[in-house]
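Structure first, then comments.
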Amino acid sequence: MEKNDRFKKAEFAAMIGIVGNIALAALKWGIGVYSGSKALVADAVHSASDVAGSFAVYLGLRAAKQPPDEDHPYGHGKAEMIAAIIVAVLLFLVGIEIGRSSFEAFFSPIEPPKSIAIVAVIISIIIKEAMFRYKFNLGKKLNSDALIVNAYEHRSDVYSSIAALIGIGSAVLGGKTGIEWLEYADPVAGLLVSLMVIKMAWHLGKESIHSTLDHVLHEEDTMEMRKTAETVNHVKRIDELHAREHGHYVIVDIKVSVDPNMTVEDGHRVGKEVKRKLLELESVQNVFVHINPYSEER
């Protein structure tokens with residue numbers, strides 16, 4: 001897949017997230033306020049945070065597609081990871097706010113929400129699950145951490161909407177049957193939503209930070225690169241290979257051993273061929289080759 005095509009698809013997915021979340025947040029907020037549902041209002045705030053998250057992903061993708069320059073010789077791929085971290089932080093803050101708002105509801109007069117709140121939640125679950133599947137599959141295909149994290153934002157919204165549905169349904173049932181304690185199911189659902197959002201934000205943030213700190217691929221993930229380099233004539237041994245993740249691509253540092261009696265020019269030619277072969281791999285953006293004289297002793 002061409003790089004321009006990759007970014008066009010990723011940016012389009014981010015824009016779908018922005019538009020879809022604005023519509024859902026407005027729908028849930030309006031019906032939440034009208035129906036008096038704390039859980040639905042909390043869910044609306046969650047969707048609103050997804051707008052900021054999708055926008056951060058969009059900006060990160062725009063930055064990541066910029067070509068290498070003098071100040072960024074390795075490219076701008078980490079912009080996607082930074083966007084993913086921003087999304088995780090936003091998600092964490094939203095989880096805290098949802099929990100605070102739901103907890104305060106226990107200390108004020110409570111009324112069961114209107115039944116229309118249930119319809120809004122069901123619509124949200126269907127749309128959000130569709131958005132998750134679309135972005136997750138595309139993120140895997142394009143190897144985009146930012147899109148995958150953004151997809152899990154939608155999945156967290158699905159979970160929160162399910163919790164809200166249970167809480168709202170129980171509260172409505174309590175209002176109709178006169179079972180007062182069931183009416184508190186709505187703010188209880190809001191608390192559960194907040195805990196799920198905070199947990200997901202922590203997990204996604206940890207993964208994104210791990211990738212940002214020059215994480216290298218594990219040995220089993222670099223086997224194709226090793227085998228490719230070994231096919232080059234005059235390469236006697238791969239002494240060392242590190243593939244550093246930079247967003248959707250990797251930068252390879254490799255040390256290869258060649259005949260110690262080979263001329264500098266011939267050794268340089270071998271290094272160029274190793275680089276050319278590795279650059280043919282789809283995920284590899286750049287390669288730095290170091291030539292060592294071959295010896296039985298390492």
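The values are calculated or read from the model by the stated rules, or taken from the named source; none is laboratory data. The model shown is predicted, which means the values in this text are computed figures rather than measured ones. Positions of Cβ are generated from backbone atoms using ideal geometry, with glycine treated the same way; all protein chains shown enter the neighbour counts.
Within the option set 163, 171, being in contact with an Asp or Glu (Cβ under 6 Å, 6 or more places away or on another chain), more than 18 Å from residue 283 (Cα to Cα) and touching a residue at least 12 places away in the same chain (Cβ under 8 Å) holds for one residue only, 171.
Against the test of being over 30 Å from residue 96 (Cβ atoms) and either modelled with pLDDT under 85 or assigned to a helix (DSSP H, G or I) (or both), the options 273, 240 yield a single qualifying residue, 273. In a residue-by-residue description of region 252-262, the property of being among the hydroxyl-bearing types (Ser, Thr, Tyr), in contact (Cβ under 8 Å) with a residue 24 or more places away in the chain, surrounded by 15 or more Cβ atoms within 10 Å (Cβ to Cβ) and assigned by TED's automatic domain parsing to the domain that holds residue 169 applies to no position.
So for region 125-139 (the condition being polar (S, T, N, Q) and under 25 Å from residue 12 (Cα atoms)), does at least one residue qualify? Looking through region 125-139, at least one residue is polar (S, T, N, Q) and under 25 Å from residue 12 (Cα atoms).
Can you work out which of the residues in region 174-229 that are within 21 Å of residue 284 (Cα to Cα) and among the hydroxyl-bearing types (Ser, Thr, Tyr) is modelled with the highest pLDDT? Ranking the qualifying residues of region 174-229, first place goes to 228.
For residue 285, the conditions (1) touching a residue at least 60 places away in the same chain (Cβ under 8 Å); (2) in contact with a strand residue (DSSP E or B) (Cβ under 6 Å, 6 or more places away or on another chain); (3) part of a helix (DSSP H, G or I) are fulfilled apart from (3). Can you confirm whether region 12-28 contains a residue that is surrounded by fewer than 20 Cβ atoms within 10 Å (Cβ to Cβ), within 20 Å of residue 193 (Cβ to Cβ), at pLDDT below 80 and not β-branched (Val, Ile, Thr)? Checking region 12-28: not a single residue is surrounded by fewer than 20 Cβ atoms within 10 Å (Cβ to Cβ), within 20 Å of residue 193 (Cβ to Cβ), at pLDDT below 80 and not β-branched (Val, Ile, Thr). Of all residue pairs spaced 6 or more apart or on separate chains, those with beta-carbon atoms under 7 Å, a first member in region 200-225 that is among the polar types (S, T, N, Q) and a second member that is at pLDDT 70 or above and not in a helix (DSSP H, G or I) are 211/245; 222/241; 222/243. Step by step: first the residues of region 272-298, then only those that are among the hydrophobic types (A, V, I, L, M, F, W, C) and surrounded by fewer than 17 Cβ atoms within 10 Å (Cβ to Cβ), then the one that is farthest from the chain's Cα centre (by Cα). Which residue is that? My answer is 288. In region 93-108, the residues that are assigned by TED's automatic domain parsing to the domain that holds residue 189 never reach a residue that is charged (D, E, K, R) and modelled with pLDDT of 75 or more with C-beta atoms less than 6 angstrom apart, at least six apart or across chains. Go through region 141-164 and give me each residue that's buried (at least 24 other Cβ atoms within 10 Å of the Cβ), of a type in the set (D, E, K, R) and over 16 Å from residue 20 (Cβ atoms). Hit for region 141-164 is 145, nothing else.
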